[in-house]
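Here the structure comes first, spelled out in structure tokens, and everything after it is commentary.
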Amino acid sequence: MRKAIALTMATVMALSLAACGGSGSSTTTAQSGGTSTAAETSTVANKDKPLIWFNRQPSNSTTGELDQAALSFNDNTYYVGFDANQGAELQGQMVKDYIEAHADTIDRNGDGVIGYVLAIGDIGHNDSIARTRGVRSALGTAVEGDNGIVSDPVGVNTDGTATAVQDGTIEVNGTTYTVRELASQEMKNSAGATWDAGTAGNAITTWAASLGDQIDIVVSNNDGMGMAMFNSWSRANSVPTFGYDANADAVAAIAEGYGGTISQHADVQAYLTLRLIRNALDGVDINTGIATEDDAGNVLSDDVYYYDEASRSYYALNVAVTADNYEDYLDSTVPYAPVSNQLDSATHAEKSVWLDIYNAADNFLSATYQPLLQKYDDLLNLKVDYIGGDGQNESNITNRLGNPSQYDAFAINMVKTDNATSYTALLSQ
Ligand code: BGC
């Protein structure tokens, strides 16, 4: 349904157009960036080049407060992400719906308590915090703290006495079940990498050894960790496991008992990440090919994204992927059809972009987001250098931004949301 049928046709057309019409000389000015013409010799200062933050919104990792200085670094600075709260609510609702639909079988040991364990990605990442809150709210286990719903991990909570959560209740067909967060933990490895799938795979083995058939449901802040837990334990024990991201392996696993996941519309986000750069470099209205149709027919409808002026942020909207609809989501790396038309290289000359992925081992970013970026960079005539970080040290990435003058634009995925100045300082030099 969502497939990019137009892709091949558009590519063929653009190539033949370029062959007969394009002079080709325009690409030689690519280094100068901006809207410069061939006659111009001056180069754009690095601090004035387009800068897109994505996936990790510049913000204080303790309070969540947005880093407005980073978000408005220059006139062509934006953030691209997705609506974390809408997605978190969907994830919580998806788990609750599953419990209600499987009330006869869900309580494995028949003790009247529906127990779940939760894998937390990064206690300082706003998406991770939102998902923990969303699941706790939907299941009635949330507790209000000074800064809204508490999102701290509980460790192990076999008897329900942890203070970061409370026991909830769900009533199905006249029976009231207690719902308990039996265990939760931030999945950070010893080297410091967060959202760590290997850590989650080990955690479920430890939890299962002590909690056994008290565990009725496994929930994770993402599919990378969710699939590690599914493969280590829940598949073999037929325990429904829920993640987030709609990575292809997780969607395929729904056929084998994975409970469900949430698509954060990475196909729309990856497009926006590069499209905003394209528009800024073309010197056209920033919403070209986004809110308004471009010359190739690309346009997004407002049911898949929105723009928030105050935070200079474009947010994609999320969709629940469950046994009911997963067949439409099996390939997570297909460009979104309405924005998959090739731009003409005669009028949109090649530009060069520096882009980093904070952790080359992050399942979502490496298996879903980057493959999409690599398809869109061709469609948008952008030559992108992809830098993969180690997920722990910002310097591992910033060290590889040694010569920003060589690029026309930057797309940045930070290790820690607090660290925007590590990048902007380099661009301001
Ligand atoms: C994704 C996670 C990913 C994280 C990295 C989140 O939006 O859902 O899977 O690990 O971003 O920053």
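The values are calculated or read from the model by the stated rules, or taken from the named source; none is laboratory data. As the structure is a computational prediction, the values presented were derived from the model and not from experiment. Every residue, glycine among them, receives a Cβ derived from its backbone with ideal geometry; neighbour counts consider all protein chains shown.
Worth pointing out:
- Conditions (1) more than 14 Å from the ligand (Cβ to nearest atom); (2) assigned to a strand (DSSP E or B); number of the one not met by Gln374: (2)
- The listed residue being touching a residue at least 60 places away in the same chain (Cβ under 8 Å) and surrounded by fewer than 17 Cβ atoms within 10 Å (Cβ to Cβ), out of Gly192, Gly174, Gly198: Gly192
- Residues that are surrounded by fewer than 21 Cβ atoms within 10 Å (Cβ to Cβ) and either within 16 Å of the ligand (Cβ to nearest atom) or more than 16 Å from the chain's Cα centre (by Cα) (or both) are absent from segment 265-278.
- Subset of segment 96-112 (residues that are touching a Gly at 6+ places or on another chain (Cβ under 9 Å) and either crowded, with 21+ Cβ neighbours inside 10 Å or among the hydroxyl-bearing types (Ser, Thr, Tyr) (or both)): Tyr98
- Val304 being under 16 Å from the mean Cα position of the chain (by Cα), among the β-branched types (Val, Ile, Thr) and not assigned by TED's automatic domain parsing to the domain that holds Ser59: no
- Hits in segment 372-427 (condition: within 19 Å of Asp267 (Cβ to Cβ) and of a type in the set (Gly, Ala, Ser)): Ala411
- When residues in segment 352-383 are screened for being charged (D, E, K, R) and under 18 Å from Gly81 (Cβ atoms), 2 of them pass.
- Residue within segment 88-97 that is acidic (Asp, Glu), assigned to a helix (DSSP H, G or I), farther than 30 Å from Glu171 by Cα and at pLDDT 95 or above present: no
- Of the residues making up segment 407-423, those that are part of a loop (DSSP other than H, G, I, E, B) and within 16 Å of the ligand (Cβ to nearest atom) number 7.
- Looking only at residues in segment 372-399 that are among the β-branched types (Val, Ile, Thr) and in contact with a Leu (Cβ under 9 Å, 6 or more places away or on another chain), the one that is farthest from Ser352 (Cα to Cα) is Thr398.
- The set of residues in segment 141-163 being surrounded by 15 or more Cβ atoms within 10 Å (Cβ to Cβ) and over 26 Å from the mean Cα position of the chain (by Cα) consists of Val156, Asn157, Gly160, Ala162.
- Failed item in (1) more than 28 Å from His102 (Cβ to Cβ); (2) touching a residue at least 40 places away in the same chain (Cβ under 8 Å); (3) more than 16 Å from the ligand (Cβ to nearest atom), with Asp146 passing the rest: (2)
- Selection over segment 338-371 of residues that are within 16 Å of the ligand (Cβ to nearest atom) and in contact with a Leu (Cβ under 6 Å, 6 or more places away or on another chain) gives a count of 1.
- Failed condition for Met225, given (1) over 23 Å from the mean Cα position of the chain (by Cα); (2) of a type outside the set (Lys, Arg); (3) within 16 Å of the ligand (Cβ to nearest atom): (1)
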